[in-house]
Every structure is written in structure tokens, then in C-alpha cells.
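Structure, as C-alpha cells:
Each reported figure results from applying straightforward, stated rules to the coordinates on display, with no laboratory input. Predicted model only: the values in this text are computed from it and were never measured. Note that each Cβ is placed from the backbone with ideal geometry, even for glycine, and that neighbours are counted across all protein chains shown.
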Amino acid sequence: MQSRKLWQAIFSISLITFLSVAAMAQSNKNIVTLNGGRTVLYTGPRQPVAPGQVPEKAVTIYSNLGAKNSRYNGSAGVGILGRDAGQPWPEAVANGFKPAVDHVVQAIQVGLGYVSGTNEVVVALMDDDQGNPGHILHAWHVSNLPPFGSCCTLETVYDKAGIPVTGGTQYWVVVAPADPNGNTYAVWDNNISNLNGAFDNDIGSGWEGQSYQTLAAFAVYGQ
């Protein structure tokens with residue numbers, strides 16, 4: 001499938017199985033991993049950090065973010081994993097959204113946390129290819145994520161010119177490790193209201209196919 005080939009070419013993901021999980025990616029006793037690192041829970045006290053800022057003069061195209069001090073669930077999320085993160089599988093994650101009308105996407109905000117390894121991920125806006133992320137419309141590198149378990153800063157990526165999107169058409173916001181073969185262990189936090197929607201992930205062998213699951217925290221802004 002074209003979407004899988006494109007994803008693999010850009011992020012260099014190939015079909016390789018982890019040989020062991022002897023070393024966990026995190027040493028924090030308050031972090032619990034399930035499903036090979038794909039589900040991540042924080043059991044310690046909440047760590048407050050400053051909330052993110054909504055881009056100025058932008059309309060909300062899509063959002064599942066909560067109120068200012070509860071923008072997302074800082075205690076649970078899905079793992080964003082490089083191959084060397086100490087978990088059984090690498091992982092990139094995609095969440096789908098449909099703009100109600102035609103827009104130009106100028107900014108995306110995501111709730112992300114850092115566990116261990118290289119503190120850098122890629123956030124991408126992608127079109128849809130038969131229920132999977134298709135072509136990359138724009139991608140950004142994001143680094144210096146706050147520690148997982150904190151709330152409620154938001155990572156904001158911005159493109160002044162904007163990316164046109166069509167109303168009623170599905171698009172994907174994707175988060176992946178910047179180096180798929182590296183040791184990044186990050187978390188895309190769950191949305192605060194446990195809303196479900198279009199979800200897809202790649203654990204090293206291409207996109208798994210659209211399912212209906214709890215969405216990670218994100219918002220899309222523009223004109």
C-alpha cells in the first residue's frame with residue numbers, strides 16, 4: 001500500500017522484531033507500562049506545568065482538549081517508541097479527525113510527555129489512504145517534552161502558510177519517534193473526556209488499519 005511505503009521511507013521503519021525487553025525504558029517507579037509499552041500509566045502525584053497557548057487569531061478546526069487546567073489526562077496515554085526504547089515493539093500513533101468545512105490548517109497542539117531516551121518526536125499532518133495515514137502533508141520535529149505525569153502544557157507546531165483541508169474528509173495527526181531505530185520513549189496523553197475516534201498505529205510492520213479507540217489529546221487550528 002502506498003501509505004505504508006511512504007511511511008516506511010520517511011521514518012525508516014522496517015520489519016524487525018525486538019530480541020529482548022531486559023532493560024525497561026524508564027526507571028521511574030511511578031510509570032507502569034502495559035501491552036508492550038503501548039499503554040502507559042502514571043501512578044504518582046500530579047506534576048503541574050504551565051498550560052500551552054492557543055495560536056492567536058485562529059479558529060478551532062478540531063479539538064478534544066479540556067479546560068485550561070485539565071487539558072488532557074496526564075496519567076495515561078499511548079507509547080511513542082523507538083526500537084531501542086526497551087519495549088517489545090516500536091510505535092507510531094495516528095488519530096483521525098474530519099473538519100466540518102474547508103479550512104487551512106496552521107497549527108496543531110498535542111499533549112505529550114517524556115519518559116526516557118532522546119527527547120524528540122515528529123508530529124505530522126497526513127491525509128487518508130483507505131483507512132490508514134497516507135501522504136505526509138506537513139511534519140515538524142518537537143523536542144524538550146515535559147515529563148510524563150505532568151499537566152497541562154501543550155506542544156504547538158505551526159505553519160504560517162497553512163495546509164488546505166477539505167470539509168467532511170478524514171485526516172490524521174501522527175506522532176512518531178524522530179529516530180524510529182532510537183531509544184525515544186514518549187507518551188501521547190489521552191484526551192481528558194475519554195472520547196473515542198479513528199485510531200491507527202504502526203508497530204514496525206506498517207499501519208495496522210483504522211480502529212475505534214480512545215483518542216490522544218490534540219487540537220487543530222487554522223483559518
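Taking the Cα centre of segment 114-223 as origin and assigning +1 to Lys and Arg Cβ atoms and -1 to Asp and Glu Cβ atoms, the resulting dipole is close to 260 debye.
Here the residues Tyr171, Tyr114, ranked from fewest to most Cβ neighbours within 10 Å of their Cβ, fall in the order Tyr114, Tyr171.
With the convex hull drawn over the C-alpha atoms of segment 88-145, the volume per residue is 119 Å³. Counting neighbouring Cβ atoms within 10 Å and putting the fewest first, the residues Thr214, Thr166 line up as Thr166, Thr214.
Give the peptides 185-195, 151-161 in descending order of average Cβ contacts within 10 Å, highest first.
185-195, 151-161
Shown here are the Rg and Dmax of the Cα trace of segment 103-223, at 14.0, 39 Å. The fewest-to-most ranking of Asp102, Asp84 by surrounding Cβ atoms within 10 Å reads Asp102, Asp84.
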